[in-house]
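Structure, as structure tokens:
The values are calculated or read from the model by the stated rules, or taken from the named source; none is laboratory data. As the structure is a computational prediction, the values presented were derived from the model and not from experiment. Glycine gets a Cβ as well: all are built from the backbone with ideal geometry, and neighbour counts include every protein chain shown. Ligands, DNA and RNA are excluded from the accessible area calculation, which covers all protein heavy atoms including side chains. Shrake-Rupley method; radii C 1.70, N 1.55, O 1.52, S 1.80 Å.
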Amino acid sequence: RRAREYLHEHRAGTVSLADLARIGELSPYHLTRLFTADVGMPPHAYQLQLRVDHAKRLLLAGRPVSDAGHEAGFFDLSHFTRHFKRYVGVAPGTYAREAAGRADGRKNVHSRTAGAP
């Protein structure tokens, strides 16, 4: 639990397995086994997922792809794109454009029905 909370607090930072093991007062091997059993993935994969989820929120808010990747804790655009595509299935730019298109579609539907009796 403490390791998971620490990853949430430091999702964009560099967190080593040794750091997490020290926080959890466990050996790195034992921490990895317990963390994976509890969460369903090892700590590093969990941190990457947290970063991608944060980047998705930033992209949905209209942030540029490079800014979203950097703020979410990715080193560069290729690092961000590779992991984003692995977790989401599409590149971050595609995700942002599709999300904007869906939002525009909802606005258009809403504006057409807003004046309807």
Toy charge model, Lys and Arg Cβ at +1, Asp and Glu Cβ at -1: segment 1-108 dipole around Cα centroid in debye, rounded to 20, equals 340
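What trypsin sites (Lys or Arg not before Pro) does segment 1-52 have in DSSP loop regions with at most 15 other beta carbons within 10 Å? Intermediate results must be reported in sequence, preceding the final value.
Values: sites: 1, 2, 4, 11, 22, 33, 51; in loops: 1, 11.
Filter output for segment 1-52: 1.
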Rounded to a whole number, the Stokes-Einstein D of the chain in µm²/s (Kirkwood radius over Cα pairs; 20 °C; 1.002 mPa s) is 135
In the chain, taking the dipole from +1 charges on Lys and Arg beta carbons and -1 charges on Asp and Glu beta carbons about the Cα centre, the listed residue (95, 15, 44) farthest towards the positive end is 95
Checking segment 22-51 for chymotrypsin sites (Phe, Trp or Tyr not before Pro) in a loop per DSSP with at most 16 other beta-carbon atoms within 10 Å yields none
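Per DSSP H run of n ≥ 4, the term is -39500 (n - 2.57); total these for the chain, divide by its residue number, and report the mean residue ellipticity at 222 nm rounded to 500 deg cm²/dmol.
Values: 7 runs with 89 residues, N = 117.
Theoretical 222 nm ellipticity from helices: -24000 deg cm²/dmol.
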Measure of exposure for residue 81: accessible area at 1.4 Å probe, Å² rounded to 10, is 40
When every protein chain stays in place and a 1.4 Å probe is rolled, 79, 44 sorted by accessible area with the largest first are 44, 79
Counting only protein heavy atoms and leaving out ligands, DNA and RNA, the solvent-accessible surface of residue 65 at a 1.4 Å probe, in Å² to the nearest 10, equals 40
Expressed in square angstrom to the nearest 10, the accessible area of residue 56 with a 1.4 Å probe stands at 60
Relative contact order in percent for the chain (Cα pairs under 8 Å, 6+ apart) equals 19
Helix 92-114: inclination vs the chain longest Cα principal axis, degrees, rounded to 10, gives 40
Largest fluctuation, 20, 34, 60 only, Gaussian network model of the chain with Cα springs under 10 angstrom, belongs to 34
Helix 28-39: inclination vs the chain longest Cα principal axis, degrees, rounded to 10, gives 40
